[in-house]
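Heads up, the thing below is written out as structure tokens.
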Amino acid sequence: MSQVSETTVERNIKTSGMQVSKTDVAIDVIGMHKWYSDFHVLRDINLKVMRGERIVIAGPSGSGKSTLIRCINRLEEHQEGQIIVNGTELTADLKRIDDVRREVGMVFQHFNLFPHLTILQNLTLAPIWVRGIPKAEAEATAMHYLERVKIPEQANKFPGQLSGGQQQRVAIARSLCMKPSIMLFDEPTSALDPEMVKEVLEVMISLAEDGMTMICVTHEMGFARQVANRVIFMDQGQIIEQNDPENFFSNPQHERTKLFLSQILH
Amino acid sequence: MTMDLGFVRKEFVPSKPAPGRTGGPILWAQKNLFSTPTDTLFTVIGILFLLWAVPPLYNFIIGHAVMPGGTVEDCRVEGAGACWAYIYARFNFFIYGFYPIQEYWRPNIVFVMLAALIIPLLMPTAPFKRINALLFFVVFPVVSFYLLHGGVFGMRYVPTEQWGGLMVTLIISLVGIICSIPLGILLALGRQSKLPIIKTLCVLFIELWRAVPLITVLFMASIMLPLFMPAGTTVDKLLRALVGVTLFSSAYLAETVRGGLQALPRGQFEAGASLGLGYWKRTYFIILPQALKHVIPGIVNNFIALFKDTSLVSIVGIFDLLNTVQSASSDIEWASPTQAVTGYVFAAFVFWIFCFAMSRYSLWMERRLDTGHKR
């Protein structure tokens, strides 16, 4: 962890200038519980994310962080409480679920690019078939985002020909092509070789600079310190502590948080 | 003993060509045939076996065979090989069955259309795929049916009882293959469904058809079914066999496809879902192309089995290729010691040609579809 925090701190990020809305709620999770059959994985989750906020969720493995963000675009179903995304409450109604998913991008730990499609096809599939955008326009948008993640020259290759870091940047670009208002990151750098973590984090930082509403599950504490305006610590399916990064890292309150931080920051 | 642990490379090692292969047939033989005493023993046994088996085979098929143009007397000569003259004389019967001779032009047109449409369809680089597919899957079956069946545009009516030979074998296998693909895929998807009724129906269907031998299905279709049907209604015998073969094959195909669906990582479904693609779009664009690609060998295996299983329709009195060969083998006019054997060798060869072509095509397709995502 430590060597990565050094690499990202080099960059002087303009977080102070980023606007967080006071009134516009992007995601509202109210009294949410989830069970895997009898196992109570998420317990009484309450989380309000304002438009433009950048939230990092940390915690030991098995604490329910991934499950929580996967509930936000209904890759997982919750059993109790409410989840309201962009004003739409997630229920079993498939139409609502698709409405929410169109507006919420997600980046996975293992990239999950479509291996049988070229990079460009990966990026244009959903804009063409979900948004109904003409192919030429979708391709122009795709190239724009590929340039943004700095790999336009890979457009006609297949995912299997790219390095892990490049694949993850493509995955981010693929989400951005849908012009989402919220981005979810599920441990985006955990499956990468150490040399490739930085290139992915840089893309995420530049997204944050543009004011994207982001929730990141990550172990990159350097990234959290630099980009987040709130850090949430979870354990055993519950939110244990949350604070701004400054206070979270320098002055943790809960015993469990202190133990966690002492174990990962050495 | 002191050792210097420090090491700094001054210059990179340039890449150099791999050591050349030491070749030559003698070296190859030494390495592959005679490298150990056991190898040598097996090589000698193998050579002896070939010396024992090949000359009689050669003599039967070519050396002592009676070629087209020969007579039945030649075939009756002691020690004569395969009676190809008989195959040549009965060739039309093996291709068309009892189809009226003066109407052969109708199946011929169908054969030509089939070749003209299926070859470009199977070549990925051929243009006009959409029109080609439309012609092959929609226009071709309709036109073929009316051509073969007749009764329209002044064409003589030819009942399906008179259809036969390779023509019927191809009809059953093509219809079976083409109809069982969509059915099999839908059944496989249904079996994976979260909707309990659909899932149960698909499981029941698949397990029922898989648990019953094809012969039973054909018997049921041709003997039992008419008993249940109201008097006076008849369903064509060939049609019943077609439906039976198709449903039977689709149940097997469903399980093959399900194997492919299960091999896909969950992340592919999730990535599609997170982009807002609904179930059918996700399935069509992301899941099926990958799942089907994984199970090409299994699917082709099913098709080859189906192609060969079409010969079972002979037991319900349909004259497919094998049945025509079998019934011709009791033809007195060509009665000779090798008559039946020659017929079976011919039938086996025709089946082999088609199955081998399918197998080679699928291997080629697999390589072509490989986008190198395997690690």
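How shielded is B:276-288 by partner chains, expressed as the average number of their Cβ atoms within 10 Å of its Cβ atoms?
4
Taking each residue in A:93-105, count the Cβ atoms of any other chain within 10 Å of its Cβ, then average. What number comes out?
Averaged over the peptide's residues, the number is 2.
Label point 7 Å out from B:Asn92 along Cα-to-Cβ: which residues of the stretch B:327-356 have amide N under 19 Å?
B:327-329, B:331-334
Would you list which lysines come within 28 Å of A:Lys65, measuring only between C-alpha atoms, while excluding same-chain residues fewer than 8 positions from it?
Of all the lysines, those that pass the test against A:Lys65 - Cα under 28 Å, at least 8 places apart if same chain - are A:Lys14, A:Lys22, A:Lys34, A:Lys48, A:Lys95, A:Lys179, A:Lys198, A:Lys258, B:Lys194.
Rounded to the nearest 0.05, what FRET efficiency do A:Asp99 and B:Ile131 have when you use their Cβ-Cβ distance and R0 = 41 Å?
0.65
Once you charge only the Cβ atoms, +1 for Lys and Arg and -1 for Asp and Glu, what is the size of the charge dipole of the stretch A:23-128 about its Cα centre, to the nearest 20 debye?
In total the dipole reaches around 280 debye.
Could you work out how far apart the two model spin labels at B:Gln192 and A:Gln82 are, taking each label as a point 7 Å from the Cα in the direction of the beta carbon, and quote it in nm?
3.6
What FRET efficiency comes out for B:Tyr344 versus B:Leu51 if R0 is 25 angstrom and r is the Cβ-Cβ distance? Round to the nearest 0.05.
0.45
Give the lysines reachable from B:Lys308 as a straight Cα distance under 21 Å; neighbours fewer than 8 places away on the same chain don't count.
Within the straight-line limit of under 21 Å, B:Lys308 reaches these lysines: B:Lys237.
DSSP loop (so not H, G, I, E, B), at most 15 other Cβ within 10 Å: list which trypsin sites (Lys or Arg not before Pro) in the stretch A:142-196 pass both filters.
A:Lys150
Assigning unit charges at the beta carbon (Lys, Arg +1; Asp, Glu -1) and nothing else, what dipole magnitude in debye, to the nearest 20, does the stretch B:229-285 show about its Cα centre?
60
Work out the length of the dipole vector of chain B about its Cα centre, built from +1 on the beta-carbon of each Lys and Arg and -1 on the beta-carbon of each Asp and Glu, and round it to the nearest 20 debye.
1820
With the contact rule set at Cα under 8 Å and sequence spacing of 6 or more, what percent relative contact order holds for chain B?
Here the relative contact order equals 18 percent.
Enumerate the helices in chain A for which the Kyte-Doolittle hydropathy averages 1.6 or more and the C-alpha atoms extend at least 15 Å along the helix's axis, using complete DSSP H runs.
Membrane-span-like by this rule: not one helix.
Calculated FRET efficiency, B:Tyr58 and B:Arg210, Cβ-Cβ r, R0 45 Å, to nearest 0.05?
With R0 = 45 Å, the Cβ-Cβ based efficiency is 0.55.
Taking amide hydrogens as modeled 1.01 Å from N in the peptide plane, which residues meet the under 5 Å criterion relative to A:Ile57, leaving out close sequence neighbours?
Under 5 Å from the amide H of A:Ile57: A:Cys216, A:Val217, A:Thr218, A:Ile232.
Each reported figure results from applying straightforward, stated rules to the coordinates on display, with no laboratory input. Please read all numbers here as calculations on a predicted model, not as lab measurements. Positions of Cβ are generated from backbone atoms using ideal geometry, with glycine treated the same way; all protein chains shown enter the neighbour counts.
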